[in-house]
C-alpha cells in the first residue's frame, strides 16, 4: 500500500520531470504568463488558469467581465468552466465577455457530470451555445464520485460520446475530473489503459494537505505519469477553507505563495484557481510570474508542518458519498 513516504519519494523524482516553465511568450493581446506543456498533447497552456465557478458566484455581469478582462491583461490564457457552475451562468458569462473578443487566443475548458450518453451529449451542445463557440478545447467527464459511479457512466456510454467529440474535433482534447474518491480515478485510469483509450488530462486536488488523508497525489499522480496523462490541479487552497484552521500554525507556513509554489513544483501542467476579485487575480498571477521551484527539503517541511490541520474536516470534499 502506498504511504506518504512513498509519495514524497515519488514527488522528488516527479519534480525533476515537471513540465518546463516557458517564459517570455506574447500574442496580440500582450504578454502571456509562463506556460507549460499540457501532458503529451503538444499544447502549451498558461500554468495558471482562471476557475470558472467563481466567475459566476456574484451573479453579476460587471464582476464577471472585470475578472475575465483582468485575467487577460495579466496574461492568463486558460479558462476553466462547467455546465453546472451557477446553473450555466458561468458559461454564459464566458460566452458574453470572453469568446467574442478573445476566442482565438484562449484555451477554454468545460465539463459534464451527467451519467448517460444522452445527458452528456445535450450538455455539450448547451455548452457550445452558452460559450458562443464552435469547439471546446478540453471537454471533461466531470466529478467522478466513486468506482460504482465510474462503472455506471461507462455502462451508459458516456466515454463513447467523449471519444466521438474528440474524433470529430468538436472537442480538441478530453479528460476527467474529481475531488471525492482517488479510487474512482485509479479505476478509471486502469480501465482506460485496458481498453486502449487515452485521456488527455486529469483534474484533481493537488495541495499541501492531500498526502495526509486519502491522497490523490500518492495514489493517482504516479498513474498519470505512467499513462502520460496531463495533470491539472485544483483545490490548491482547499476552496479557501484552509486559512481558518491555519491560524493554529506559524503564519509563515500557510500562505498563498507557499500553497501555489508547492503545486508548481510538481508535475502539474496548469493550476486552476477561483478568483472573486481582480485583486485576487493580480495576487495569483504575480506568484506564478515570480515562481522559482521549491526545493525538496522545503516541500517536505511544509507537508509535515500542516499535518495538525489536515484530514477530513479540512478536505471536506473527499468521501462525500
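Each value in this text was obtained by applying a stated rule to the coordinates, not by laboratory testing. Note that the coordinates shown come from a computational prediction; the quantities given were computed from them, not determined experimentally. Neighbour counts run over all protein chains shown; Cβ positions are idealised from the backbone, glycine included.
At full extension, residue 253 and residue 29 could sit 77.0 nm farther apart than now, given 0.36 nm per residue minus the alpha carbon distance. Please work out the C-alpha center-to-center distance from region 36-60 to region 170-195 and express it in whole Å. Centre-to-centre distance over Cα atoms comes out at 19 Å. Here the residues 302, 21, 131, 231, ranked from fewest to most Cβ neighbours within 10 Å of their Cβ, fall in the order 21, 302, 131, 231.
Placing dummy labels 7 Å off each Cα toward the beta-carbon, the span from residue 292 to residue 313 is 3.7 nm.
Each residue in 85, 173, 317, 94 was given a count of other beta-carbon atoms within 10 angstrom of its own, and listing them fewest first yields 317, 173, 85, 94. As a ratio to 2.2 N^0.38 Å, the alpha-carbon radius of gyration for region 278-321 is 1.62.
Shown is the FRET efficiency for residue 305 and residue 183, computed with R0 = 35 Å from the Cβ-Cβ distance and rounded to the nearest 0.05: 0.80.
Taking Rg/Rh (Cα atoms, Kirkwood Rh) straight from the coordinates, which label in (i) 0.97; (ii) 1.02; (iii) 0.94 is the correct one? Identified label for the calculated read-out: (iii).
Cβ-Cβ distance of residue 194 and residue 125, R₀ of 30 Å, FRET efficiency by 1/(1 + (r/R0)^6): the value works out to about 0.50.
Placing a label point 7 Å from the Cα of residue 22 along the Cα-to-Cβ line, the residues of region 280-316 whose backbone N sits under 18 Å from it are 289.
Taking other Cβ within 10 Å of each residue's Cβ, how do 76, 159, 55 sort, fewest first? Walk me through the intermediate numbers first.
On the way: 76 26, 159 23, 55 29.
Fewest-to-most ranking of 76, 159, 55: 159, 76, 55.
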